[in-house]
Every structure is written in structure tokens, then in C-alpha cells.
Amino acid sequence: MTSPGLHAVWGYRCAHQLWKWRRRILARMLSNWLRFVTGIEIHPGAKIGRRLVIDHGMGVVIGETAVIGDDVLIFHGVTLGGKEFTRSKRHPTIGNNVMIGAESIVLGNITVGDNVKIGAGSVVTKDVAPNLVVIGGRTQS
């Protein structure tokens, strides 16, 4: 009950509902307040599945068009960001049962498949097939 990651996800759920109701300014105000309180920035437009865990979440950033599946574990300093500013989808899609290690960066409109493990400090800018391990940006089966 004292985890900032849990508070960030709960707050995101409220902000996301406001976003869907087209109360965009209120949603952004709530998400900005949550960033100040928790150190975790989740855009209210992102789509997040069930049971997301943000462990030691300081510095986590999840962009507006990011899509995150079920049972995903994210550690501190992770960025799910875009490479360019356009009105189309520009952030990653993360599959189910994915682990993203500390200080990893996943950029662009790419897909990370189910059951992928991304090692700490990795930079991922290309699609990752399911059931792989990514270490430093290189994939291993």
C-alpha cells in the first residue's frame, strides 16, 4: 500500500478515464500531480493492461500512445518513448508477461512480443519477437 508504483498506476487509471471522457486538461493535471508525488510519469492517453507492476519506479516515463499488455514488470528509469512528434502512434506496444530492466529505453512505434525480457540499460528501437531476451539492444533466444 506504500509503493509509489502502485499509487502511480491507480492514479493513471483515474486520469485515463478522464482522458476517455475527453476531460483532457483535468487528466493532464492529475497525471502531472502524480508525477510530482511518485516520480513516475504515465501519460493519461496510454493504454495499460492488467497487473502492471512498477518496481522502484522513480524516473519511469510512459508516452501517450504506448500500449502495455497484462502482467508487465517495469523497473526504475525505464522510458517508453517516441522518436518523432506526430499525431499518429509513436510509442511502443509491449506484449504480455514482459519484464523491462532498470534504465532501459524502448523507443518508437515498435512491438515487443509476449514473454520478452529486456535487460537493464538496454536501448530497443526495433521490433522484438516473442520469447526473446534483449541485452543492451541485442536479442538472444
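The values are calculated or read from the model by the stated rules, or taken from the named source; none is laboratory data. No experiment lies behind these values; they were computed from the predicted model shown. We place every Cβ from the backbone using ideal geometry, glycine too, and count neighbours over all the protein chains shown. All accessible areas refer to the heavy atoms of the entire protein, side chains included, with ligands and DNA or RNA removed. Shrake-Rupley method; radii C 1.70, N 1.55, O 1.52, S 1.80 Å.
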Pop out the ³J(HN,Hα) list for segment 98-113 in order, Karplus 6.51 cos²θ - 1.76 cosθ + 1.60 with θ = phi - 60°, rounded to Hz; leave Gly and Pro as x. 10, 10, 10, x, 4, 6, 7, 10, 10, 10, x, 7, 10, 10, 9, x
D114 versus N32: modelled label distance in nm, points set 7 Å from Cα along the beta carbon direction: 4.0 nm
What dipole magnitude, in Debye to the nearest 20, does segment 49-115 give about its Cα centre under +1 on Lys/Arg Cβ and -1 on Asp/Glu Cβ? 260 debye
With +1 on each Lys and Arg Cβ and -1 on each Asp and Glu Cβ, and nothing else charged, work out how big the dipole of segment 1-77 is about its Cα centre, in Debye to the nearest 20. 460 debye
Can you list which of the trypsin sites (Lys or Arg not before Pro) found in segment 1-33 are DSSP loop residues with at most 16 other C-beta atoms within 10 Å? R22, R23
Report the net charge of residues surrounding N96, where surrounding means a beta-carbon distance below 15 angstrom and charges are Lys +1, Arg +1, Asp -1, Glu -1. +1
Charges at C-beta only: +1 for Lys and Arg, -1 for Asp and Glu. How large is the resulting dipole of the chain about its Cα centre, in Debye rounded to 20? 620 debye
Probe radius 1.4 Å, ligands and nucleic acids ignored: give me the carbon and sulfur share of the accessible area of the chain as a rounded percent. 58 percent
Which is the longest run of the chain containing none of the chymotrypsin sites (Phe, Trp or Tyr not before Pro) found in DSSP loop states (not H, G, I, E, B) with at most 10 other C-beta atoms within 10 Å? 22-84
For H56, H43, H7, write out the residues from largest to smallest accessible area, computed with a 1.4 angstrom probe and no ligands counted. H56, H7, H43
Rg to Rh for the chain: what is it, with Cα atoms only and Rh by Kirkwood? 0.96
Cα to Cα, under 27 Å, and not fewer than 8 places away if on the same chain: which lysines meet these conditions relative to K126? K47, K83, K89, K117
Heavy-atom surface of segment 1-75, accessible at 1.4 Å and reported per residue (Å²): 57 Å²
Heavy-atom accessible area order for D70, D114, D127, largest first, 1.4 Å probe: D127, D114, D70
If you fit an axis through the alpha-carbon atoms of helix 24-38 and take the longest principal axis of the Cα set of the chain, what angle between them do you get, 0 to 90°, nearest 10? 70 degrees
Using modelled backbone amide H atoms (1.01 Å from N, in-plane), which distant-in-sequence or interchain residues come within less than 5 Å of R51's amide H? D71
